[in-house]
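A.B. asks: Shown below is the structure under consideration.
Computed from the coordinates by the stated procedures, all read-outs in this text should not be read as laboratory data. Bear in mind the structure is a predicted one, so any value in this text is a computation, not a measurement. Here the Cβ positions follow ideal geometry from the backbone for every residue, glycine too, while neighbour counts run over all protein chains shown.
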Amino acid sequence: LATLASLHSNGTWRLPPARSERQVEIHALLSTVLLNDEDDFYEWEIEGKIHTSYSIGMVYAHLRIHAPAVPWCKTVWNKGGIPRHSFLTWLFVLNRCPTRDRIIGWGLQSSPLCLLCNSAPESRDHLFFECSYTWGIWGVLALRCGITPESNWSRALNQLKALNSSSPKGKLTLLCWQGCIYWSWSERNGRMHWNNFRPSDLISRIIDRQIRDRILSFRETNPTTSSIMMQQWLS
């Protein structure tokens with residue numbers, strides 16, 4: 001942060017050129033301010049309240065655009081989820097990831113075929129879970145969560161939105177669903193960029209191990225939920 005001493009010397013302001021009418025007004029206002037020899041100190045004013053320390057979270061909450069909560073909010077952002085999985089799921093719910101149908105839509109040259117099954121055009125809805133490769137993962141693991149899986153994206157999302165995201169079953173199902181999305185996309189990118197191929201049963205084992213580890217991480221703070229989730233997952 002710049003101090004007043006770096007901007008004011010010998011009674012003269014040393015300011016960068018104004019780039020807007022608002023900055024011109026600020027320069028004019030500063031010319032009327034008389035400074036003393038006291039040490040600089042910082043104050044952060046947010047919504048009329050003075051804060052002596054800076055909080056990124058507070059500033060973000062003040063600056064971000066406020067809007068009504070979307071109906072899938074708790075399906076994506078749920079307590080106990082794995083942050084990188086939740087973030088990628090959020091991008092897919094918004095359909096913002098560079099699937100091949102979107103790449104072609106941007107005017108770039110690309111094969112339209114899915115990199116995982118090589119039998120249909122790649123899109124979000126195909127990947128999750130009309131693709132035989134990803135369905136071989138989600139279609140099996142979802143049963144261990146106690147639900148009958150949907151292969152259609154919209155129906156699957158509606159099914160998951162209906163779950164209680166704070167219940168053990170809801171936590172487990174969303175953890176599994178997001179894990180399937182994350183690791184399927186990771187496999188897709190590995191094939192596209194590095195020509196690395198892994199079978200679906202290996203991806204399923206990776207997800208299984210990660211879910212077990214995540215459930216065990218809940219034992220100290222919520223042993224009952226952890227126990228119920230593990231029993232369901234191993235049943």
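A.B. asks: Hey, can you rank 27-36, 137-146 by average C-beta count inside 10 Å, highest first? Each step should come with its number before you reach the end.
C.D. replies: Values: 27-36: 9.3, 137-146: 18.5.
Highest to lowest by the protection proxy: 137-146, 27-36.
A.B. asks: Please get the size of the charge dipole for the chain, origin at its Cα centre, with Cβ charges of +1 on Lys and Arg and -1 on Asp and Glu, quoted in debye to the nearest 20.
C.D. replies: Dipole magnitude for the chain comes out near 1240 debye.
A.B. asks: While we're here: Which of SER166, SER20, SER217 moves most in a GNM of the chain, Cα contacts under 10 Å?
C.D. replies: Judging by the Gaussian network model, the answer is SER20.
A.B. asks: What is region 4-63 by shape, rounded, prolate or oblate, if you read a ≥ b ≥ c off the alpha carbon gyration tensor as root eigenvalues and call it rounded for a/c under 1.5, prolate for a/b larger than b/c, and oblate otherwise?
C.D. replies: oblate
A.B. asks: Quick one: how many lysine pairs does the chain have with C-alpha atoms less than 29 Å apart and a gap of 8 or more or different chains? Give me the count, please.
C.D. replies: Numbers: LYS74/LYS161; LYS74/LYS169; LYS74/LYS171; LYS79/LYS161; LYS79/LYS169; LYS79/LYS171; LYS161/LYS169; LYS161/LYS171.
Count of close lysine pairs: 8.
A.B. asks: In addition: Order these by the 10 Å Cβ neighbour count, fewest first: PHE128, PHE92.
C.D. replies: PHE92, PHE128
A.B. asks: Further question on the same structure: By how many degrees, 0 to 90 and rounded to 10, does the Cα axis of helix 200-217 deviate from the longest principal axis of the chain?
C.D. replies: Roughly 60 degrees between the two axes.
A.B. asks: Please give the net charge around ASP201, taking every other residue with its beta carbon less than 15 angstrom from that of ASP201, where Lys and Arg add +1 and Asp and Glu add -1.
C.D. replies: +2
A.B. asks: Candidates (i) -0.22, -0.36, -0.45, -1.07; (ii) -0.41, -0.58, -0.65, -1.00; (iii) -0.28, -0.44, -0.52, -1.03; which is the computed log10 I(q)/I(0) by the Debye sum over Cα atoms at q = 0.07, 0.09, 0.10, 0.15 Å⁻¹?
C.D. replies: (ii)
A.B. asks: Using every alpha carbon pair in region 13-124, what percent of pairs falls into each 10 Å bin from 0 up to the bin containing the largest distance?
C.D. replies: Computed distribution, short to long bins: 10, 19, 23, 16, 17, 11, 3, 0.
A.B. asks: Under the √(5λ) rule applied to the eigenvalues of the Cα gyration tensor, what semi-axes describe the equivalent ellipsoid of region 95-235? Give them in Å, descending.
C.D. replies: 30, 16, 13
A.B. asks: State, as an integer percentage, the relative contact order of region 73-234 based on alpha-carbon contacts under 8 Å between residues 6 or more apart.
C.D. replies: Relative contact order of region 73-234: 23 percent.
A.B. asks: Around ARG212, what is the net charge, scoring Lys/Arg as +1 and Asp/Glu as -1 over all other residues with Cβ under 13 Å from its Cβ?
C.D. replies: Overall, the nearby charge balance is +3.
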